[in-house]
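Undergrad: Let me begin by handing over the structure; questions about it come next.
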């Protein structure tokens, strides 16, 4: 466990849970805000439905698990599905969509704009977290509106979709990739050359997919938790 992991981790820390409906553009997005007592930062965990129902549900559950873990570190979380109920209904009939990175980027920004004004969270520094194409959207959102975000984490993100924006990012950026996925490693290594902000690339050795093993999931959770705790809490 790293030095930044040695902060106060209290599993008994109570949290207030608040369902929120946030309008972004003309669309309503629904999520769950969880705020522990004396929270010192807020992580926006955006879920992008880009695969089958089963795979999408698995990925969403991993984000929920991470949110629960972050709560023990004193971080508030907002877990949100980046698709609308109408879009999910369409998916059930036609299959998973090709995620629109531009649309997801707009939704990250719209959600953050709401949260920086929402009374319960307006005093908290915000971090972005997402997977896959959502990870690319989070990076683009961080580049376009640096005033809204303090730190960003992309887990196995499609950084190739964000390559023209990476040089604009000023928020400390953590990239996490499976060590046995050569294409993902190459893309993220190239991204590291472009990002000029504080940055770190974490390779999870021996795996081609992330979160499939409990031990690996715990390792990833600590890596991300440490990153957000360091960059969000120190500014609180």
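The values are calculated or read from the model by the stated rules, or taken from the named source; none is laboratory data. Just so it is clear, the model here is predicted, and its values are computed rather than measured. Neighbour counts run over all protein chains shown; Cβ positions are idealised from the backbone, glycine included.
Undergrad: Exactly one condition in (1) touching a helix residue (DSSP H, G or I) at 6+ places or on another chain (Cβ under 9 Å); (2) closer than 28 Å to residue 39 by Cβ; (3) not in a helix (DSSP H, G or I) is false for residue 220; which is it?
TA: Checking residue 220 against (1) touching a helix residue (DSSP H, G or I) at 6+ places or on another chain (Cβ under 9 Å); (2) closer than 28 Å to residue 39 by Cβ; (3) not in a helix (DSSP H, G or I), the one that fails is (3).
Undergrad: Okay, moving on. For residue 155, state whether it is touching a helix residue (DSSP H, G or I) at 6+ places or on another chain (Cβ under 7 Å) and modelled with pLDDT under 95.
TA: On the way: touching a helix residue (DSSP H, G or I) at 6+ places or on another chain (Cβ under 7 Å): yes; modelled with pLDDT under 95: yes.
It is true that residue 155 is touching a helix residue (DSSP H, G or I) at 6+ places or on another chain (Cβ under 7 Å) and modelled with pLDDT under 95.
Undergrad: Looking at (1) assigned to a helix (DSSP H, G or I); (2) closer than 22 Å to residue 19 by Cβ, which one does residue 122 not meet, given that it meets all the others?
TA: The one condition residue 122 does not meet is (1).
Undergrad: Same structure again: Of everything in the range 160-182, what is within 14 Å of residue 227 (Cβ to Cβ) and surrounded by fewer than 21 Cβ atoms within 10 Å (Cβ to Cβ)? Give them in sequence order.
TA: none
Undergrad: In this structure, is residue 190 at pLDDT below 90 and either surrounded by 14 or more Cβ atoms within 10 Å (Cβ to Cβ) or not in a loop (DSSP other than H, G, I, E, B) (or both)?
TA: Numbers: at pLDDT below 90: no; either surrounded by 14 or more Cβ atoms within 10 Å (Cβ to Cβ) or not in a loop (DSSP other than H, G, I, E, B) (or both): yes.
Answer is no for this residue.
Undergrad: Take the residues in the range 137-159 that are within 12 Å of the chain's Cα centre (by Cα) and part of a loop (DSSP other than H, G, I, E, B), then tell me which one is surrounded by the most Cβ atoms within 10 Å (Cβ to Cβ).
TA: Within the range 137-159, the match that is surrounded by the most Cβ atoms within 10 Å (Cβ to Cβ) is 157.
Undergrad: Any residue at all in the range 84-104 that is touching a residue at least 12 places away in the same chain (Cβ under 8 Å), under 11 Å from the mean Cα position of the chain (by Cα) and farther than 21 Å from residue 38 by Cα?
TA: no
Undergrad: Counting only residues that are farther than 25 Å from residue 209 by Cβ and out of contact with any strand residue (DSSP E or B) (no Cβ under 9 Å at 6 or more places or on another chain), which one in the range 74-93 is surrounded by the fewest Cβ atoms within 10 Å (Cβ to Cβ)?
TA: 93
Undergrad: For residue 185, which of the numbered conditions (1) without any contact (Cβ under 8 Å) to a residue 24 or more places away in the chain; (2) surrounded by 15 or more Cβ atoms within 10 Å (Cβ to Cβ); (3) closer than 23 Å to residue 71 by Cα fails to hold?
TA: Just one mismatch for residue 185, condition (3).
Undergrad: Considering only residues that are buried (at least 16 other Cβ atoms within 10 Å of the Cβ) and within 30 Å of residue 14 (Cβ to Cβ), look in the range 49-63 and name the one that is modelled with the lowest pLDDT.
TA: 59
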